[in-house]
Amino acid sequence: MLKNPIFKIISIVSIISGAFLGVISIIPALTFFILILLMFIMAPFIIIYFKNLNLIKEIKIEQGIIYGATAGFTGCIGYSVLFFPLAFFLDLIFKIQSFIWVKVVCQNIIFLLGTIFFTAILCAILNSFSGFLTAYLYQYFKKGN
């Protein structure tokens with residue numbers, strides 16, 4: 001099932017979306033809001049977008065869960081790859097108080113990688129639930145109930 005090309009497309013679109021959100025979240029007022037968006041809304045966005053492009057013909061609940069987990073994990077990786085270095089350098093240059101936590105996390109590479117990995121796992125779990133809800137609602141409204 002992982003040889004299906006839709007997973008590669010979902011991963012690429014999620015990484016690009018996550019990277020875009022990582023760049024936008026450099027604005028300190030938006031960081032928390034974008035992190036919540038990344039954790040809950042990435043999967044429904046990807047599923048609905050692909051459904052509108054007819055890349056996904058019929059979505060089952062199991063597919064929604066797997067697509068959501070894939071979108072959440074890869075989106076968080078894309079987010080982290082750009083956000084942490086940008087925030088670290090902005091804190092070094094401009095001494096932005098909102099990014100002191102990034103400076104602390106980035107001082108230990110093992111702690112940084114662990115934070116990124118466990119945040120990506122959390123995003124995968126939460127987005128798999130969002131993907132489940134999206135697939136369930138799609139099937140519910142498709143039946144005409």
Simple spin-label estimate for F20 and F7 in nanometres, 7 Å along Cα-Cβ: 2.5
Residue by residue through the stretch 8-18, what is 3J(HN,Hα) from phi via Karplus (6.51 cos²θ - 1.76 cosθ + 1.60, θ = phi - 60°)? Round to whole Hz and write x for glycine and proline. 5, 5, 4, 4, 5, 5, 5, 5, 5, 5, x
Using only alpha carbons, build the gyration tensor for the chain and give me the equivalent ellipsoid semi-axes, biggest first, whole Å. 32, 14, 12
Two-site label geometry, F33 and L122: point separation in nm, points 7 Å out along Cα→Cβ: 2.1
From DSSP H assignment alone, runs of 4+ in the chain each adding -39500 (n - 2.57), the sum over residues rounded to the nearest 500 puts [θ] at 222 nm at -27500 deg cm²/dmol
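Please give the FRET efficiency for Q139 paired with K103, using the beta carbon to beta carbon distance and R0 = 35 Å, rounded to the nearest 0.05.
0.15
Each value in this text was obtained by applying a stated rule to the coordinates, not by laboratory testing. These figures come from a predicted structure and were not determined experimentally. Cβ sites come from the backbone with ideal geometry, for glycine too, and all protein chains shown count toward neighbours.
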